[in-house]
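Engineer: I am attaching a structure below and will ask some questions about it afterwards.
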Amino acid sequence: MTMVEEMVQQRDEAPRELPPLPTWESTPEDLKAATRTIKSALRRRIEASGRSVEQVFAVMEERVTQRVEEIEAALRNGENAWPVVDYADIESGRVSAADLALLQRRGCLVVRGHFPREHALGWDRDIVDYVDRNRFFETYQGPADDFFGSVGSKPEIYPIYWSHAQMEARQHGRMARVQSFLNAQWKSSSEGVQWFDPERDSLYPDRIRRRPPGADSGGLGTHLDPGTLDLWMTQAYQKAFRHLFDGSVEQYDPWDAAYRTAGPQYPGTTMCSAFRTFQGWTALSDMDHDQGVLHTVPIPEAMGYLMLRPLLADVADDDMCGVTTNQTFPASEKWHSLLLRASAGIPDVKAGDSVWWHCDMIHSVAPVTDQQGWGNVIYIPAAPWCPRNEEYSASVREAFASGSSPSDFPAEDYEREWVGRFTADELNVVGRRGLGLD
Ligand SMILES: [Fe+2]
């Protein structure tokens with residue numbers, strides 16, 4: 001490379017000389033010291049770009065405020081903030097431009113009739129047969145999970161991964177079709193790199209929730225799942241959120257997958273090793289909107305606000321607005337009250353509908369007393385094939401083969417000796433590709 005080329009390249013990469021950021025590729029030993037160090041480095045970098053931290057935050061605050069007010073207005077008018085699309089329109093490629101625009105804007109979606117209702121109800125019965133036949137309730141040891149552990153000793157979250165119902169849903173052609181549709185909302189190629197393959201899912205195995213009629217549940221507080229302190233401290237995430245910290249905040253795009261699909265994540269009981277474009281679940285029972293259902297703050301770019309908020313002067317130097325390792329990222333009234341004003345619940349859903357939300361979005365589950373009807377779901381996200389998911393798939397294959405709990409989850413391993421587990425010879429093409437076997 002000649003000196004002129006080198007200068008041109010430098011100019012392209014960084015319009016000004018910005019001070020580099022320190023990085024921690026594994027969990028720092030002293031979290032508070034690392035937090036102080038990264039916060040002052042981020043502030044210095046933003047200021048070197050010619051703008052103050054307050055100015056940059058104000059840009060993001062204004063952008064998000066517009067969305068919050070739009071959603072508040074919709075909720076006041078009795079509208080539901082969640083876009084709803086029929087599966088048939090996804091399959092035939094006839095989702096309207098208006099619905100696509102709303103999906104981009106809100107970052108969440110209900111897919112009506114993703115599976116025929118009877119099919120989903122059949123899966124629900126299959127799960128009951130599977131756990132009964134294997135005496136799950138007699139052998140259940142209690143919750144082993146720090147986060148969902150608060151639901152009590154009668155499991156609502158079943159640590160079950162390898163039933164026929166789950167695997168059939170994961171490898172179903174209809175699932176693959178919806179996942180591709182959702183992945184296509186992201187920019188999977190940018191900066192000359194294809195970050196993930198939107199047409200191939202990695203079959204991320206997760207659990208089941210079955211909440212019975214009459215249940216009382218405290219719900220789950222507002223939080224988000226993409227990471228914790230690693231979001232500010234690892235090189236990959238610093239690059240993913242580069243526009244927030246280099247003076248080009250207007251270019252921050254929550255749908256750009258750049259640098260998100262290979263980096264490390266700090267370990268913890270709530271971690272997800274996979275890159276998910278959308279988190280999601282498929283309903284196995286009808287659920288009314290007021291029966292303790294999922295809420296989101298349907299604003300994908302709120303992540304920019306969440307990332308910049310700790311840099312303001314009213315937050316202690318060793319505090320990231322409550323974010324720490326080994327716990328989910330909290331969204332709180334204290335620091336994020338603007339965002340929480342836009343919290344919006346799903347509409348009524350039927351068995352066979354599926355529900356999806358952008359992986360960075362704030363979400364919660366409302367409390368319920370004396371729940372009417374069942375609240376049953378299979379958690380199936382969109383986790384497209386990429387270096388990070390390929391790496392995790394090695395441990396998924398092992399867990400699948402032995403009937404163990406996947407390595408992202410507590411090692412409860414209930415299903416190892418169970419009869420009626422889904423087997424390798426029942427995998428179809430989607431399943432084999434998703435597990436990295438083809
Ligand atoms: Fe979550």
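We did not get these values from a lab; they are worked out from the coordinates using the rules stated. Quick caveat: nothing in here was measured; it's all calculated off a predicted structure. Cβ: placed from backbone, ideal geometry, glycine included. Neighbour counts: every protein chain shown.
Engineer: Over the chain, with a Gaussian network built from C-alpha contacts below 10 Å, which listed residue (Leu100, Leu311, Leu244) shows the highest mean-square fluctuation?
Structural biologist: The residue that fluctuates most here is Leu100.
Engineer: Can you tell me how much longer the chain between Glu333 and Asp89 gets when fully stretched, taken as 0.36 nm per residue apart minus their C-alpha distance, in nm with one decimal?
Structural biologist: Numbers: separation 244, 0.36 × 244 = 87.84 nm, distance 3.86 nm.
Extra length available between Glu333 and Asp89 comes to 84.0 nm.
Engineer: A further question on this structure: Tell me the angle of helix 3-13 to the major Cα principal axis of the chain, expressed in degrees between 0 and 90 and rounded to the nearest ten.
Structural biologist: For helix 3-13, the angle is close to 50 degrees.
Engineer: Using the Karplus equation 6.51 cos²θ - 1.76 cosθ + 1.60 (θ = phi - 60°), what ³J(HN,Hα) coupling, rounded to whole Hz, does each residue of segment 336-351 give in order, writing x for Gly and Pro?
Structural biologist: Those phi angles translate into 10, 4, 4, 5, 5, 4, 9, 4, 9, x, 5, x, 3, 10, 10, 3 Hz.
Engineer: Multiplying the sequence separation of Lys350 and Val429 by 0.36 nm and subtracting their Cα-Cα distance, what value in nm do you get?
Structural biologist: Extending this stretch completely gives an extra 25.6 nm.
Engineer: For segment 95-102, take each phi angle, set θ = phi - 60°, evaluate the Karplus expression 6.51 cos²θ - 1.76 cosθ + 1.60, and give the result in whole Hz per residue in order, putting x for glycine and proline.
Structural biologist: Along segment 95-102, the couplings run 5, 5, 4, 5, 5, 5, 5, 5 Hz.
Engineer: Between Asp216 and Arg416, what is the label-to-label distance in nm when each label sits 7 Å out along the Cα-to-Cβ direction?
Structural biologist: For the pair Asp216/Arg416, the computed spacing is 3.8 nm.
Engineer: For the chain, treating each Cα as an identical point scatterer without solvent, what Debye log10 I(q)/I(0) comes out at q = 0.07, 0.08, 0.10 1/Å?
Structural biologist: So the normalised log intensities work out to -0.35, -0.46, -0.72.
Engineer: Something else now. If you line up the long axis of helix 31-48 against the longest principal axis of the chain, both from Cα atoms, how many degrees apart are they, to the nearest 10?
Structural biologist: Around 50 degrees separate the two axes.
Engineer: For a Förster distance of 51 Å, can you work out the FRET efficiency between the beta-carbons of Thr369 and Val59, rounded to the nearest 0.05? Let's see the in-between values first.
Structural biologist: Values: r = 42 Å, r/R0 = 0.83.
That pair, Thr369 with Val59, gives E of 0.75.
Engineer: Continuing with the same structure: Could you identify which residue out of Gln185, Gln291, Gln251 has the top mean-square fluctuation in a GNM of the chain using Cα springs shorter than 10 Å?
Structural biologist: Comparing Gln185, Gln291, Gln251 in the GNM, the peak value goes to Gln251.
Engineer: Would you mind telling me which residue in Arg94, Arg211, Arg388 has the biggest mean-square fluctuation in a Gaussian network model of the chain, where springs connect alpha carbons within a distance under 10 angstrom?
Structural biologist: Arg94
Engineer: Can you list, bin by bin at 10 Å, the percent of alpha carbon pairs in segment 160-274, starting at 0?
Structural biologist: Values per bin, smallest distances first: 11, 30, 35, 18, 5, 0.
Engineer: May I ask you to evaluate 6.51 cos²θ - 1.76 cosθ + 1.60, the Karplus curve with θ = phi - 60°, for each residue of segment 210-222 and list the ³J(HN,Hα) values in order in whole Hz, giving x for glycine and proline?
Structural biologist: Calculated HN-Hα couplings, in order: 10, 10, x, x, x, 5, 9, 9, x, x, 10, x, 5 Hz.
Engineer: Given R₀ = 51 Å, what would the calculated FRET efficiency be for Asp288 paired with Arg44, taking r from the Cβ atoms and rounding to 0.05?
Structural biologist: Numbers: r = 51 Å, r/R0 = 1.00.
Plugging the Cβ-Cβ distance into 1/(1 + (r/R0)^6) gives 0.50.
Engineer: Helix 117-133 versus the longest principal axis of the chain: what is the Cα-based angle in degrees, 0 to 90, to the nearest 10?
Structural biologist: Helix 117-133 sits roughly 70 degrees off the main axis of the chain.
Engineer: Suppose R0 equals 45 Å. What FRET efficiency, 1/(1 + (r/R0)^6) with r the Cβ-Cβ distance, do Leu312 and Tyr140 give to the nearest 0.05? Provide the component values of the computation, followed by the final result.
Structural biologist: Numbers: r = 46 Å, r/R0 = 1.01.
Here the calculated transfer efficiency is 0.50.
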